[in-house]
Every structure is written in C-alpha cells, then in structure tokens.
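The values are calculated or read from the model by the stated rules, or taken from the named source; none is laboratory data. The structure presented is a predicted model; accordingly, all values stated were derived computationally and were not measured. Quick reminder, even Gly has a Cβ in these numbers, built from the backbone with ideal geometry, and neighbours come from all protein chains shown. Accessible surface areas use protein heavy atoms only, side chains included; no ligands, DNA or RNA. Shrake-Rupley method; radii C 1.70, N 1.55, O 1.52, S 1.80 Å.
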Amino acid sequence: MTTKLETLPTPERKSAGAGKPNNRKPRVRESRGTLAFSRAQRGKSLMKHGILILAGALMIYPLLWMVVSSLRPNEMIFREPGLWLNSLEMSNYTSGWSALTHPFGHYMLNSAIVVIGSILGNLVSCSMAAYAFARLQFTGKRLFFGIMLLTIMLPFHVVIVPQYILFSQIGWVNTFWPLLVPKLLATDAFFVFLMVQFIRGIPRELDEAARIDGAGHPRIFLRVILPLMVPALATTTIFTFIWTWNDFFGALIYLTDPDMFTVPVALRAFVDSQSATSWGSLFAMSIVSLLPVFLVFLFGQRFLIKGIATTGIK
Amino acid sequence: MSAISELSSITRRKGKATAAEKKANRRDNKAAYIFLLPWLVGLVAITIGPMLMSLYLSFTDYNLLQPPEWTGLHNFTRMLSDARLHNSLRVTFTYVFVGVPLQLAVALLIALVLDKGLRGLPFYRSVFYLPSLLGGSVAVAILWKQIFGTTGLVNQVLAMFGIQGPGWISDPSTALGSIILLHVWTFGAPMIIFLAGLRQIPNMYYEAAKVDGATTLQQFWRITLPMLSPIIFFNLVLQIIGSFQSFTQAFIVSGGNGGPSDSTMFFTLYLYQKGFGQFDMGYASAMAWVLLLIIGVFTAINFIASKYWVFYDD
C-alpha cells in the first residue's frame, strides 16, 4: 500500500521535483584528497549525529522520566532526576486506576465511544463533501470551497458559546452528542481539504470509465473513489483518533457528570482531587492515557508524517 | 502549501465557465448537493448560525437563565476598562510573539540538520515529532506542572549543579515562560512541514552556487530561505492562528485559574471563565469576536506582508 499523498498536487511547487528521494550528497569541499575528504565528512556526520542524539534525548527525557516516576514510590519522585529504578512499584497504577468515583477503565471506555463515533462521522461526512468538491460541478462551488477553506482557520471560540447554548437547550449536556454531531456534519474541514487534494490525484479516467459502464455518482464514489483513497482515510482516522482522545475543551464544557467523563477531564479531576503527594499515581494514569496515542503513533507514523507534510495538520 | 495557497489561488483566478461546463453543472448539481448535505447542514447549524448568534449575543447581557437583554455596545465598552482582560491580551500576545518564532526557528534548525540525506532520519523524525502529538494532552500539561514545580525535575537537575531554582510555575515572572517552553517543545509538526519543503528545493541550485564558490551560509541565505519562504509563511500563519487559541496547557498548569496572579491567564482562559464559569455569555461572545478580529487582522497582515518576503518561483 504505497501512499498517494506524496504525489498529491502541491500547487505552487510542482516544478521543483516533487517526490524526489532525499539523498542529496553532503556538501563538502572537493579540492581535498579522498582520505581527508572522507575523514572530514565522517567527523562532520559524527558531530551531527551527536547533536541530534543529544537534542533528541532532551526532547524525550521528560516523557521517559514520567514513565520511570510512575513506577517509583512517591517520596522518590521528588528526589530523583535520573532514570534508574531500584524497584518496580506497580501500586501507583492500581491506586490511580481506582482513585476516582469510577475505575479509570470507565473513562477510557467513554473516550473510546467518543473517538470511534468521531472517526466514523469524519470518514463518512468528510469523504462525501470531498467527492463533491473534487469531482462534481455545481453552482456556488468556488464560493463554498472558499468558505470551507476559511472554516479551517476559524477559531472555535467564536462558535462555542452559541453551540453550548444550542446543545444545552436540546438537553444534550452530559451526553456525547455535542462532541459527535459536529463530526457527523463534517465540521473538521481539514479532512475535507485533505481528501479533496487526494481525490484530485486519482485519475479521472477511472470514474469516466465507470460512468460509461452506467455507474451513477453514488456508485462511483463507493466503488471507485473510496477504495482508492484508503491512505487519506487512514490519515483522517489517525488524526481524528489523536485529536479526539486528547480533546479537553469540548469535554470540559459538555461533560460535567463524572459518569460521562472522558480521559482528559477525568485526569483533570484527578489533579484537583488529589493532594500533592500522589504524583506517582497521577503520572501512572497519565501514562495510561497517553498509551493509546503512542500506539497509534507507532503504527500510523507513515500516514501521520505524510498527512502533516502535505496539508499541515498536526 | 495546501489550504492557504489554495485560498489565495481561488481569489486570484476568475472562473470562466464554458457552455459545456454549464451543462455538466446542471447535471451534477443535484448529486453534488446530496454529497455536500452533511457539510452544508454543519456549516449552517454548527458554524454560520452560531457565529451570527454569537454576534447577536455580544450585544446583549445573557446568563442562560433569563432571555438575552439588548445592551448595545456595553460589553465592548466594559472591555475597555477590564484590566484582567487587558492582562490576558498581554499574556496571549507574549505567548504568540515569543513562542511562535522560537518554535519555528527550532523547527527549521532541526529540519536543516535532518535534511542532508542523514542516516537514521525516520528515527530522529519520530523522536522530534512525538512531543507535538502528545503536547496538547492533559497528561503532558500535568507532567509540565511537575517538571517546573518547586521540587520538580528542572530544579532537581539544577540542584546537582548547586543552583537553587525558583518555583517556575508558582512564580509569576517565570510561569508563562514554562508554558512557552512547552509550546516550543512541540515543534515537531512544523519541522515535518519544513522537511517536506526542503526536499522540494532542486539540488541544481546548490550545485550551481557551489560552482560559483558560495559558502554554506550564503547558500542558506540566498537559496534555502527564499525557496522555503512559502513554507515558512504557511507555518507562520498556521501557528499564529493556533497559538492565539491555546487553552489546555495554561488551564492545567495553572489549575484552571490562570495564576499565579493572572500571569498565565490566556485570553481563551478568561473567555472560558466568563462564559462557562460566570455564565456571562454576552461578554464571552463579545470576547470571542474580539479574538476572531485579532486573528483576522494578524492573518491579513501576514498575507499582505508576505508579498514582500515570500518568494514563489513560478
């Protein structure tokens, strides 16, 4: 499954050799002898790796420290900047798991419901809109497309107050609907745009052939386009997963009943409810909450990287 | 790149529909609107409707219980004398003007080091990218709160060198700085966009420059920077828009109150307190529109200024 995202048309730079493998020769002065040349090169490359490893370690250190701290007894956390463990303390995990009114698994389940619903909503509604924008001619297309692009940049605070009023009047506060319905209605315009770009890269001959065979738009969409845009759908799935899993603001506003808490609000409630001495179990649950994101990162890296590189989502 | 350049290209070229296209238009119209239906409903019900509603509410006094009461410009004149609001603007501007350039500079620097056909690129890329995936989460904000706490990791390390560090997040003069640092730490996403941009600079430019005897630094100023300017612009616009809306980190690090002494009271945090803490929905709506205006002005300035420094080679 080679991803097509790399070959997406990137408007202003198509002349610049898109998709060229990144194997530029290191630039070293060529007047030197071969031996000196390679030695200088090796020294330079060693230095570069040294700097990168150091910088990388600095980047990752806080995360590793959190993992290690979650396995330490509480009184050790405040005294130990290093990463070594004298003993493996699993009690942080067991006490953290049951520190709130519900076991932590309850909040994970709530998050999972919201995440899965959001993914389905985004996949269905964004791909439909993208098909219309990429393949169909209709009145107002240019205008709507412009509006769609603008909504990508719209700060959500401008709509959050009335949205809250709307959803609270329907009686949807403390349900998952306020978090799911916007996804079902393709309000994550980023993904619409991503998919439009992707569909534009699929040869039109394919749908024209299908049309000659008598297929209508629904069939072309379902049988021709959708199967070919799996990489774009995967990118959407992964980003929706991570963003929804991490979403704090929406959950903070709409989910005030502990029964309905998703992981981020539960963690926040944890911070508020515990005294400063239970950092260990707080870290333990933080690790638990980051684990799904980390796993998605591990398996979906390729799509994540391509998705950002081509559209700038993060 | 992508959304932003698409938007400017829409305004640039005027559509000329031929007779044949118009016929195709009519044929596709119905299908298109069916495909667009979820997005259109979302646009009206979740975006434009609430926007108009919030514009209306910004001229009213509304607390969710009594019906909105028209007060004209009162909310806006209240803002003029609201010292906490002024402070929140100052905090937000500091965050944006320090955090965004710093983050982009680091992202560009690391991207440059990673660009030159380096061995182990996927590994380094992952290491530097991971924090930007996790950075928006409550868990990492909690981690940050501890790292920069009085007995936190940073001070533990400083203590090894015999330095007594301050309580970073409990000291008003350093609290914002630690949140800015969290922002800089998440430079992975713009870094990947930079990497993609660097790949598209044709190698022949560098070769020609080398023949002319240009130094590495000259090559950077004369080739890399101009060729990369559309990407820098893209990252800049995106990061500024995003940073103005930052919320979660400040909320968690400050325990929800923007402390100590309002030093991390972001505009969005104040908006949240007004709207969802005190149910002063009219004022919160007015604030949201001010935020939209600020972001709009900065984006416009960016676009206008870009004419002078962004270089398109086509």
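Brief remarks on what is shown
- Other protein chain C-beta atoms within 10 Å of residue C-beta, averaged over A:124-137: 5.
- The alpha carbon convex hull volume per residue for chain A rounds to 206 Å³.
- Across the protein assembly as shown the C-alpha pair distances fall into 10 Å bins from zero in the proportions 3, 15, 25, 26, 19, 9, 3, 0, 0 percent.
- Share of carbon and sulfur in the accessible heavy-atom surface of the protein assembly as shown [1.4 Å probe, %]: 67
- Set A:141/B:116; A:48/B:307; A:141/A:183; B:116/B:145; B:145/B:307; A:141/B:307 screened for pairs whose C-alpha atoms are more than 32 Å apart: A:141/B:116; A:48/B:307; B:116/B:145; B:145/B:307
- Accessible area that becomes buried as B packs against A, both chains, 1.4 Å probe, Å², nearest 100: 10400
- Whole-number Å³ per residue for the convex hull built on Cα positions in region A:48-170: 259
- A 1.4 Å probe run over the protein assembly as shown, with the rest of the protein chains in place, finds 44 Å² accessible per residue.
- Farthest towards the positive end of the charge dipole of the protein assembly as shown, among the residues B:285, A:78, B:36, is the Cα of B:36, using unit charges on the Cβ of Lys, Arg, Asp and Glu.
- Protection proxy ranking, peptides B:233-239, B:294-300, average beta carbon neighbours within 10 Å, highest first: B:233-239, B:294-300
- Surface/4 of the Cα convex hull for region A:220-314, nm²: 8.4
- Farthest toward positive dipole pole in the protein assembly as shown [+1 Lys/Arg, -1 Asp/Glu at C-beta], among A:176, B:181, B:148: B:181
- Dimensionless Rg/Rh of region B:35-182 - Kirkwood Rh, Rg from C-alpha atoms: 1.12
- Cα→Cβ-extended label distance, 7 Å offset, between residue A:142 and residue A:79, nm: 7.2
- Ordering B:116-128, A:80-92 by mean Cβ neighbour count within 10 Å, with the highest value first, yields B:116-128, A:80-92.
- GNM result for chain A, Cα springs below 10 Å: residue of A:186, A:210, A:55 fluctuating most strongly: A:55
- Ranked by the mean number of other Cβ atoms within 10 Å of their residues, highest first, the peptides B:80-92, B:145-157 come out as B:145-157, B:80-92.
- For the set B:309, A:245, the ranking by accessible area, highest first and with no ligand, DNA or RNA atoms included, is B:309, A:245 under a 1.4 Å probe.
- Per-residue [θ]222 nm for the protein assembly as shown (sum of -39500 (n - 2.57) over DSSP H runs n ≥ 4, rounded to 500): -21500 deg cm²/dmol
- Euclidean distance of C-alpha centroids, region A:32-94 and region B:206-223, integer Å: 35
- Between the alpha-carbon centres of region B:78-109 and region B:119-175 there is a gap of 20 Å.
- Translational diffusion coefficient (Stokes-Einstein; Kirkwood radius from C-alpha pairs) of region B:94-146 at 10 °C, 1.306 mPa s, in µm²/s: 124
- Euclidean distance of C-alpha centroids, region A:163-235 and region A:236-290, integer Å: 29
- Overall Cα dimensions of region A:100-229, principal axis frame, Å, largest first: 60, 33, 23
- When the inverse distances between all different Cα atoms of region B:221-314 are averaged and flipped, the Kirkwood radius reads 15.3 angstrom.
- Label zone (residue B:66, point 7 Å along Cα-to-C-beta; backbone nitrogen cut-off 17 Å) within region B:274-314: B:278-284.
- Max mean-square fluctuation residue, GNM over chain A, Cα-Cα springs under 10 Å, options A:303, A:145, A:261: A:145
- Positions from region B:237-259 whose accessible area shrinks by 20 Å² or more when the full protein complex is built, not the chain alone, probe 1.4 Å: B:238, B:239, B:241, B:245, B:247, B:248, B:251, B:252
- Kirkwood-based shape ratio for region B:140-285, expressed as Rg/Rh from alpha carbons: 1.16
- Label point distance in nm, residue A:273-residue B:9, each placed 7 Å from Cα along Cα→Cβ: 5.2
- Inter-chain shielding of A:48-57 (mean C-beta neighbours from other protein chains, 10 Å cut-off): 4
- Dimensions (Å) - chain B, Cα atoms, principal axes, largest first: 79, 73, 33
- Cα-based shape type of region B:35-110, given that a ≥ b ≥ c are square roots of the gyration tensor eigenvalues and the cut on a/c is 1.5: oblate
- Shielded residues, region B:42-84 - accessible-area loss of 50 Å² or more between chain alone and all protein chains, probe 1.4 Å: B:46
- Kyte-Doolittle mean at least 1.0, axial Cα span of 18 Å or more - DSSP H helices of chain A: A:104-135, A:141-153, A:157-169, A:279-311
- Mean partner shielding of peptide A:162-170, defined as the number of other chain Cβ atoms within 10 Å of each residue Cβ, is 5.
- The contact residues of region A:282-314, meaning those that lose at least 50 Å² of 1.4 Å-probe accessible area when all protein chains sit together rather than their chain alone, are A:290, A:297, A:305, A:308, A:309, A:314.
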